[in-house]
Amino acid sequence: MDIKQAKQELRQTIRAYTARTEDGVWRIPREKQRPVLLMGPPGIGKTAILSQLAQEEHVGLVCYTMTHHTRQSALGLPVIVDCTAAGRQFRATEYTMSEIIASVYAQMEKTGLRTGILFLDEINCVSETLMPAILQMLQNKTFGVHALPEGWMIAAAGNPPRYNQSARSFDMATLDRVRRIDLEPSLAVWQEYAAAHAVHPAVLAYLRLHPEHFFVCDAQRSAGSFVTARGWEDLSALLLTYEALSFACTQTQAREYLHVQEAAAGFTAFYELYRRYAASLPLEALLRGQTDAGAEALRGLPFEGRLSVVEFLLHSLQTQLCAAEDAAALAFSAESFLKSVPAGEGYAARAEKQLENRRAALQIRRECGVLSAEDERRETAFLTRSDAALAARSDAEAFDAVRLLAESAGTAAEQNRKNTLCALENSLRFVCAAFGDEQELWILLHGLQDCGAAAFLQKENSSVYQELLSRATPEAKAAALREELSRGAGL
């Protein structure tokens, strides 16, 4: 099963385990709610999909790496208590609440979420002394004498022994208590994720040309020779930052992330070519609508050059689309804020109080691991602009400043929307003029779908997009793709 399928399986599991009958009884009894065990290679995205699900399903998430725990931290510490039994008084040993169970209750108090996921990572790498406690947790949902709250499911993850020398195989008694999902890396699935998360276009282009370097880990290689999806994504983050700071990225840096010489050397050589190809693209003129600018020169490039240009163009468009979505989010937040605080005496204090509440909610979501980078960026931008509007002003001045913020944000959002639509349509015209109805256009259309731009074009009823979609694909594929896009856009 690939990571996308596993995410959907987990989504359905969360909903099934938290479903109740009309009488309020759990549809699946607590004792039948088996923990889900994700087994797969490192860096495939096991932790990431649980964080995404917690945000999307609005449930809590508590994560623990079990190799960091001892028997005492997992079960609790012993305490001596006075007891009475059969008319006699004596002293006995009890245990404090497990740190893990206590963290679940603490998050419930912070967030108010009564359902959630307890994620136990590297579960098959724990010490021998802790393994009995793990088995008890998997079977009874308890650590020591303290139970996991109702409404919380257990998800665990581990690496098969061939990927981790300290990992052990589970026996039948353990596997009979869990739902095991075996994960395999999938480049196609990762490309969807990478396009949506603005992974560096050079990485995407290189992996289209060399899919065999996406995930490398086999028994014939030494233990320190491997490449994972996590390595590619982290290298992408370094490349984007180095380019912003005008730093050079060499094979030395690539080798720190890609622990296979062929992959590191191959990508470094390709990256140098990519920089040259991308520099040849007249991006500003293209986005303004000069579709013939540089088209003739691009036709003569080898396929890797044409692919680099398309991926670079996609990345630029995604950056502009992201800015437009951020502007729309700011406009919505500013307008909602303006309407939520009535004008009048004490306006500045009431508005500041609401901002304090939003800051506190943001911090709680950040601490609990249920805050996406996108939400944090947009909420922080709104809070910063709102703080500036309210700074040291009278009630009337503060209201006028907030009203002006809402108006200017709305105007900027509308202008961003128009500019983004023009840029997307001009890019489609350019690729069509430069390469015709060849595979470059098909790659661009698929890339627009993966990064969310296709849904934007669909929503805007772009005739340019609809026409090229029909030309670039056979009729049946075009119809199927339109239907898929309509579902994704909620149309």
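The values are calculated or read from the model by the stated rules, or taken from the named source; none is laboratory data. Remember, predicted model here, so these are calculated numbers, not experimental data. Quick reminder, even Gly has a Cβ in these numbers, built from the backbone with ideal geometry, and neighbours come from all protein chains shown.
How do the pairs read when you match residues in region 227-247 that are free of Cβ contacts under 8 Å to residues at least 60 places away in the same chain with residues anywhere that are loosely packed, with under 14 Cβ neighbours inside 10 Å and of a type in the set (A, V, I, L, M), using Cβ under 9 Å and keeping only pairs 6 or more apart or on different chains?
Filtered contacts from region 227-247: Tyr242/Ala248.
Do you know which of the residues in region 161-175 that are more than 28 Å from the chain's Cα centre (by Cα) and not aliphatic (A, V, I, L, M) is nearest to Pro132 (Cα to Cα)?
Of the residues in region 161-175, the ones more than 28 Å from the chain's Cα centre (by Cα) are 165-166, 168-175.
So of that shortlist, the ones also not aliphatic (A, V, I, L, M) come out as 165-166, 168-171, 174.
Values: Gln165: 21, Ser166: 17, Arg168: 14, Ser169: 15, Phe170: 12, Asp171: 13, Thr174: 10 Å.
Per the stated criteria, the residue is Thr174.
So which of Asn426, Asn416 is touching a Ser or Thr at 6+ places or on another chain (Cβ under 8 Å), of a type outside the set (Phe, Trp, Tyr) and crowded, with 17+ Cβ neighbours inside 10 Å? It would help to see each step written out before you state the result.
Values: Asn416 fails: touching a Ser or Thr at 6+ places or on another chain (Cβ under 8 Å).
Only one candidate passes the filter, namely Asn426.
May I ask you to verify whether Ala147 is assigned by TED's automatic domain parsing to the domain that holds Thr174 and in contact with a Phe, Trp or Tyr (Cβ under 7 Å, 6 or more places away or on another chain)? Don't jump to the end; show me each part of the working.
Working: assigned by TED's automatic domain parsing to the domain that holds Thr174: yes; in contact with a Phe, Trp or Tyr (Cβ under 7 Å, 6 or more places away or on another chain): no.
Spelling it out, it is not the case that Ala147 is assigned by TED's automatic domain parsing to the domain that holds Thr174 and in contact with a Phe, Trp or Tyr (Cβ under 7 Å, 6 or more places away or on another chain).
Take the residues in region 362-383 that are surrounded by 14 or more Cβ atoms within 10 Å (Cβ to Cβ) and of a type in the set (A, V, I, L, M); name whichever of them is nearest to His197 (Cα to Cα).
Leu371
Looking at region 157-176, which of the residues that are outside any loop (DSSP other than H, G, I, E, B) and among the small types (Gly, Ala, Ser) is farthest from Thr65 (Cα to Cα)?
Filtering region 157-176 down to residues outside any loop (DSSP other than H, G, I, E, B) leaves 157-158, 172-175.
Within this subset, residues satisfying the condition of being among the small types (Gly, Ala, Ser) are 157-158, 173.
Working: Ala157: 9, Gly158: 10, Ala173: 23 Å.
Within region 157-176, the match that is farthest from Thr65 (Cα to Cα) is Ala173.
Restricting the search to region 1-22, which residues are surrounded by fewer than 12 Cβ atoms within 10 Å (Cβ to Cβ) and of a type in the set (Ser, Thr, Tyr)?
Across region 1-22, the qualifying residue is only Thr21.
List the helices (runs of 4 or more DSSP H) inside region 201-287, counting only whole elements, that have at least 1 residues being in the same structural domain as Glu311 (by TED's automatic domain parsing) and either more than 17 Å from Leu313 (Cα to Cα) or polar (S, T, N, Q) (or both).
On the way: elements: 201-209, 229-244, 251-257, 261-279, 283-287.
Result: 201-209, 229-244, 251-257, 261-279.
From the residues in region 271-282 that are surrounded by fewer than 19 Cβ atoms within 10 Å (Cβ to Cβ) and of a type outside the set (D, E, K, R), which one is nearest to Leu428 (Cα to Cα)?
Initially, region 271-282 is screened for residues surrounded by fewer than 19 Cβ atoms within 10 Å (Cβ to Cβ), giving 272-273, 275-276, 279-280, 282.
Right, trim to of a type outside the set (D, E, K, R) and you get 273, 279-280, 282.
Values: Leu273: 24, Ala279: 19, Ser280: 18, Pro282: 14 Å.
The selected residue is Pro282.
Restricting to region 72-112, and then to whatever is in contact with a helix residue (DSSP H, G or I) (Cβ under 8 Å, 6 or more places away or on another chain) and among the small types (Gly, Ala, Ser), can you tell me which residue is nearest to Ala360 (Cα to Cα)?
Ser98
Cβ-Cβ below 9 Å, separation at least six or inter-chain, first residue in region 402-414 and closer than 18 Å to Ala351 by Cβ, second not in a helix (DSSP H, G or I): which pairs?
Close Cβ pairs satisfying both conditions: Val402/Val341; Arg403/Ala343.
Exactly one condition in (1) loosely packed, with under 15 Cβ neighbours inside 10 Å; (2) within 30 Å of Arg34 (Cα to Cα); (3) not charged (D, E, K, R) is not met by Leu245; state its number.
So the condition that Leu245 fails would be (2).
Of all residues in region 103-128, how many are touching a residue at least 24 places away in the same chain (Cβ under 8 Å) and either part of a loop (DSSP other than H, G, I, E, B) or not polar (S, T, N, Q) (or both)? Please lay out each step first, then the result.
Keep residues of region 103-128 that are touching a residue at least 24 places away in the same chain (Cβ under 8 Å), which gives 103-105, 107-108, 110-111, 113-127.
Narrowing the set further to residues that are either part of a loop (DSSP other than H, G, I, E, B) or not polar (S, T, N, Q) (or both) leaves 104-105, 108, 110, 113-123, 125-127.
Result for region 103-128: 18.
Yes or no, residue by residue, for (1) at pLDDT 95 or above; (2) within 23 Å of Trp190 (Cα to Cα); (3) touching a strand residue (DSSP E or B) at 6+ places or on another chain (Cβ under 8 Å):
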{"site": "Asp2", "(1), (2), (3)": "no, yes, no"}
{"site": "Leu10", "(1), (2), (3)": "yes, yes, yes"}
{"site": "Glu22", "(1), (2), (3)": "no, no, no"}
{"site": "Met39", "(1), (2), (3)": "no, yes, yes"}
{"site": "Ala54", "(1), (2), (3)": "no, yes, yes"}
{"site": "Gln72", "(1), (2), (3)": "no, no, no"}
{"site": "Glu99", "(1), (2), (3)": "no, no, no"}
{"site": "Glu109", "(1), (2), (3)": "no, no, no"}
{"site": "Gly112", "(1), (2), (3)": "no, no, no"}
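Any idea which residue in region 323-355 is surrounded by the most Cβ atoms within 10 Å (Cβ to Cβ), counting only those that are more than 27 Å from the chain's Cα centre (by Cα) and farther than 18 Å from Ser394 by Cα?
Here is the first cut: in region 323-355, the residues more than 27 Å from the chain's Cα centre (by Cα) are 335, 337-354.
Those still in the list that are farther than 18 Å from Ser394 by Cα too: 335, 339-340.
Values: Glu335: 17, Lys339: 9, Ser340: 10.
Among those that are more than 27 Å from the chain's Cα centre (by Cα) and farther than 18 Å from Ser394 by Cα, it is Glu335.
If I filter region 79-92 for residues that are modelled with pLDDT under 85, farther than 30 Å from Val216 by Cα and of a type in the set (D, E, K, R), do I get at least one hit?
For region 79-92, residues modelled with pLDDT under 85, farther than 30 Å from Val216 by Cα and of a type in the set (D, E, K, R): absent.
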